[in-house]
Amino acid sequence: MYINSHAFISAAGENNFASGGLQCVDGRWVGKVVDILNVASEFRKDDRSVHLALHCAGMIELSAELSPNLVNLASSRGATLSLEQAMKDFLERGKVSPFTSPITTAGRLSSAVAQILQVEGNVLDHSMTCSGGLQSILNAQEYLSSGRVEQAVVGASEACLSPFTFAQFDALNLYSKRKGTPCLPLVAKKENTLVLGEGAALLVLSNLRGKNCDFRISGVGQGFERGAHAADLRGENIVQSMKQALLNANAPRVDAVIAHAPGTRLGDENELRAIHTVLGDLPVLSNKWMLGHTLAVSGLMNVLWAMELMKGWCPEIPKGLEEAHPIPEQLNTVLVNALGFGGNAISVVLERC
């Protein structure tokens, strides 16, 4: 599948990773998007997750020769901010706005993007926790290979910086309490250093190469691991997904891996062990120190990050993380991972065209 267009917005900027990063807000580190959202008036009442997705939709380019008849977006948390506000209103006043149900339904993301893009046909939303963004790529592969669609708009959006979401991660004892560099992915540590971020990303995929296309997804793999509870995993799922993606891509080796690596102690250790089990010794990178964990968007951010690295961009790695994130001078093939609560794991192989 060729990536013929893409757009994203994150704590590091709009369609680039050149600025910004994590910031401390009310004593807590977060990856917050600068409020530069361009949203049509009819969507003003929608949740911020929809606004982020719509902002990206305004930046992608569709092929006029192909029919863009699949729009598939993912979100782990969905309309979190709107839901929390509606619940607060209900508890305080015993009633909610008449807009509450339509703007918090799980299918709102893709339907809003399809409306803006004037797409007719297959419009899907799903939630596969933090692997959701890469799941949309897997879904597109199935639709494109079957011939049901010629062009697919896939992506994810998260606006998860809310009190209730913070409370959930605090209850798991995952959130970073560090005062210096808050998130330490792929670094040996005695504490969890996860930091939440928000953002959105869209890709336009097709089996036909566009005129400005430099990258293609040559393999996709999926794995699942049963655990005693949602986070009790050993890395077997990511071993499955990586092996399957490499087999599908006919690529026994890659130049580097962009890991899921959310900055948690056990999560990072298990993923690193799984990567070295499958691929041996090679560079393993993460961008969570800059973007935070954007949940369902994180896998897509890994794909976009990999594209920039393959173009020759070299980010300034924070002090203390340099040795854990060695960036090769030449990258032609990169494996990207995403994992989520519930045991889901998806890997994709990204190649230079």
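The values are calculated or read from the model by the stated rules, or taken from the named source; none is laboratory data. Note that the coordinates shown come from a computational prediction; the quantities given were computed from them, not determined experimentally. Note that each Cβ is placed from the backbone with ideal geometry, even for glycine, and that neighbours are counted across all protein chains shown.
Beta carbons closer than 6 Å, at least 6 apart along the sequence or on distinct chains, pair a first residue in the stretch 287-313 that is outside any helix (DSSP H, G or I) with a second that is aliphatic (A, V, I, L, M) for G292/L22; G292/V195; G292/L196; H293/L194; H293/L196; T294/M301. Residues of the stretch 28-64 that are under 18 Å from the mean Cα position of the chain (by Cα) and not in a loop (DSSP other than H, G, I, E, B): V30, G31, R48, S49, V50, H51, L52, A53, L54, H55, C56, A57.
Summed over the stretch 198-220, the residues that are out of contact with any Asp or Glu (no Cβ under 8 Å at 6 or more places or on another chain), within 30 Å of L81 (Cβ to Cβ) and assigned to a loop (DSSP other than H, G, I, E, B) give a count of 0. Among the residues of the stretch 65-75, which ones are outside any loop (DSSP other than H, G, I, E, B) and either of a type in the set (D, E) or in contact with a Ser or Thr (Cβ under 8 Å, 6 or more places away or on another chain) (or both)? Matches in the stretch 65-75: V71, N72, L73, A74. A count restricted to the stretch 242-286 and to residues that are under 27 Å from Y175 (Cα atoms), outside any helix (DSSP H, G or I) and either touching a Pro at 6+ places or on another chain (Cβ under 6 Å) or of a type in the set (K, R) (or both) stands at 4.
For the stretch 18-43, a tally of residues being at pLDDT below 90 and on the phi < 0 side of the Ramachandran plot returns 11.
Each residue in the stretch 187-202 was checked for being of a type outside the set (D, E, K, R) and under 18 Å from the mean Cα position of the chain (by Cα), and 8 pass. When restricted to residues that are crowded, with 19+ Cβ neighbours inside 10 Å and over 12 Å from L134 (Cβ atoms), the stretch 308-341 contains 7. When the stretch 159-190 is limited to residues that are free of Cβ contacts under 8 Å to residues at least 24 places away in the same chain and not in a loop (DSSP other than H, G, I, E, B), the one that is farthest from I275 (Cα to Cα) turns out to be A167.
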